[in-house]
């Protein structure tokens, strides 16, 4: 009996020692970011920072604007680098000159001409925030809203937002849910879901600015870009569609085979579309056999680091923006300014100004319908 008691005592003591030696799981971290710098209040709602990790990829998301703040991906030597531009705190986002960094965009991404559209015989007027047009949902679009966090774990986060009837001039109560997921294939999946109680235009996207060399590593003009598109949406000097999609063949907009982003910018003083966009800021109509199918939209390779990003989407189009309006007035999370053509955006979307362009695929969501789409950003390396 004494032996049994002694054995129990030894087992209990060993378990106690083992338990004391166990360290509590440390929270995931991403780059130099500190969660406390994102724990604030905006318009009476709490903001925070959420870190996801899976495979070789780590990303940080804030519910202020549903923004991708940081994304760490390894180079060809396995060294991680931050490939998404962002800021180190909520205050920096609130004071930034470029307001769309990494944000969820809505209700309608891209531009609506003169901030007006007609739906079911009613003309709606939206605020002008990109004179003379309405851009990315207006000044209090989804990028400037605090999203509710429905759930979060180490690999995914689900954000939701109720855009009330009349917000930024849009009709209907629009209920939106976005899920960010990192999977084991080094992919960032973005799932968008929305319903409405009144017919309204909807075109959601994400506005991450990328530099595959790293946030503070200089020009993106040597990145090799491929876009799976035969057609470009021609625009006027205010970047509103002229009403037709034109062939990229024989133009600086032909990215059907990989070429350096800056290769054809030598034509920016003579090509009218480059003049209108001050470089690349244009919508490409993706090659798809069937509407809504998941297809490869674009591939970007950065030769020095070997990092490769592939963009897949169910959306019909992709806006390629080459960082033309970055002017060094913002300083990022590593203390470096965001300068001219040191980042690019690849925004999966429907075509710009769709409510006023009946020949384009429609973006009107009606009661009883479900807006549902997915885009994927896959990261890998090549020697």
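Of note:
- Among the strands (runs of 3 or more DSSP E) confined to the range 39-142, the ones with at least 2 residues that are modelled with pLDDT of 95 or more and more than 20 Å from the chain's Cα centre (by Cα) are located at 40-42, 45-47, 116-119, 122-125.
- Matching residues, the range 220-238, being assigned to a strand (DSSP E or B) and crowded, with 17+ Cβ neighbours inside 10 Å: 224, 225, 226, 227, 229, 231, 232, 233, 234, 235
- Check on residue 250, out of contact with any helix residue (DSSP H, G or I) (no Cβ under 9 Å at 6 or more places or on another chain) and either part of a strand (DSSP E or B) or in contact (Cβ under 8 Å) with a residue 40 or more places away in the chain (or both): no
The values are calculated or read from the model by the stated rules, or taken from the named source; none is laboratory data. Just so it is clear, the structure is predicted and the values come from calculations on it, not from any experiment. Every residue, glycine as well, gets a Cβ built from its backbone with ideal geometry; the counts of neighbours run over all protein chains shown.
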